[in-house]
Amino acid sequence: RSYSFRSKAKNLDFDIKKEGKLPINVIGDQIRLNQILSNLLSNALKFTKQGCITVTIQEIERNNKQSKLEFAVKDTGIGIPPEKQSAIFENYTQASSDTTRRYGGTGLGLAICKRLVELQGGSISVESEPGTGSTFRFSLLFGLSDDNVKTEDIQAVEIFTGLEGKKIL
Ligand code: ADP
């Protein structure tokens, strides 16, 4: 949600596509998944001036215990030259010597993503064309919860009674 707001502020379209049938519940490391997606989305936003950012999620394998999901973060930004595409996953490496001056950053985000993905047994890769955009793709294995366990989304009820006339910071 925060990245969709930040995209709007930059006049970029933001879309999340769930392809095919995805499991309703999966068991995995929510915090690490969030870190990986946050790093990739921050980069997508930083290196894209116009166009759109799309997150696509699809299931690529499933057995009765596990589901392998692939996440792709696609942008229409500056792109990465082919000869730099493997180096950017290394610590403190950026695609060009003027990246820090023009866009800021440390060159650490993708190295962290790669580690977080590989520590969970997954893999990460990039496809990119300078001037057209980049797609970062990673896949992770998630546990499947018992189909009998149903969960329900509970809507938070906003109650404001009793707050009339109060001053709230
Ligand atoms: P940082 O963004 O802090 O420089 P990262 O490790 O996240 O460090 O990225 C390394 C480099 O890879 C970036 O400096 C940039 O040159 C390139 N890069 C990463 N993501 C993108 C993207 N979506 N579009 C274009 N270049 C990218």
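Taking the criterion of being modelled with pLDDT under 90 and exposed (fewer than 14 other Cβ atoms within 10 Å of the Cβ), would at least one residue in segment 123-143 satisfy it? Within segment 123-143 (the criterion being modelled with pLDDT under 90 and exposed (fewer than 14 other Cβ atoms within 10 Å of the Cβ)), the answer is no, since none of the residues qualifies. Taking segment 104-120 on its own, how many of its residues are exposed (fewer than 14 other Cβ atoms within 10 Å of the Cβ) and modelled with pLDDT under 90? Adding up the residues that qualify gives 2. Candidates Lys65, Lys46: the one that is open to solvent by 50 Å² or more (accessible area, probe 1.4 Å), within 12 Å of the ligand (Cβ to nearest atom) and either touching a residue at least 40 places away in the same chain (Cβ under 8 Å) or polar (S, T, N, Q) (or both) is Lys46.
Taking the condition more than 16 Å from the ligand (Cβ to nearest atom), under 13 Å from the mean Cα position of the chain (by Cα) and not in a helix (DSSP H, G or I), does Ile24 pass? Write out each step before concluding.
Values: more than 16 Å from the ligand (Cβ to nearest atom): yes; under 13 Å from the mean Cα position of the chain (by Cα): no; not in a helix (DSSP H, G or I): yes.
For Ile24, the condition - more than 16 Å from the ligand (Cβ to nearest atom), under 13 Å from the mean Cα position of the chain (by Cα) and not in a helix (DSSP H, G or I) - is not met.
One line per residue, one yes/no per condition, for (1) within 19 Å of Ile31 (Cβ to Cβ); (2) touching a strand residue (DSSP E or B) at 6+ places or on another chain (Cβ under 6 Å); (3) among the hydrophobic types (A, V, I, L, M, F, W, C); (4) more than 6 Å from the ligand (Cβ to nearest atom):
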residue	(1), (2), (3), (4)
Pro81	no, no, no, yes
Gln85	no, yes, no, yes
Ile88	no, no, yes, no
Gln94	no, no, no, no
Thr100	no, no, no, yes
Gly105	no, no, no, no
Leu108	yes, no, yes, no
Glu118	yes, no, no, yes
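Among the residues of segment 5-33, those identified as among the small types (Gly, Ala, Ser) and surrounded by fewer than 16 Cβ atoms within 10 Å (Cβ to Cβ) are Ala9, Gly20, Gly28.
For segment 49-62, enumerate the residues that are open to solvent by 30 Å² or more (accessible area, probe 1.4 Å) and more than 16 Å from the ligand (Cβ to nearest atom). Correct list: Gln58, Glu59, Ile60, Glu61, Arg62. Restricting attention to segment 125-134, the residues being more than 16 Å from Gly109 (Cβ to Cβ) and within 10 Å of the ligand (Cβ to nearest atom) number 2.
The values are calculated or read from the model by the stated rules, or taken from the named source; none is laboratory data. These numbers come from a predicted model, not from an experiment. Methodologically, a virtual Cβ is constructed for each residue, glycine included, from the backbone with ideal geometry; neighbour enumeration extends over all protein chains shown. Each accessible area value is taken on the protein alone, full model and side chains, heavy atoms only, with ligands, DNA and RNA left out. Shrake-Rupley method; radii C 1.70, N 1.55, O 1.52, S 1.80 Å.
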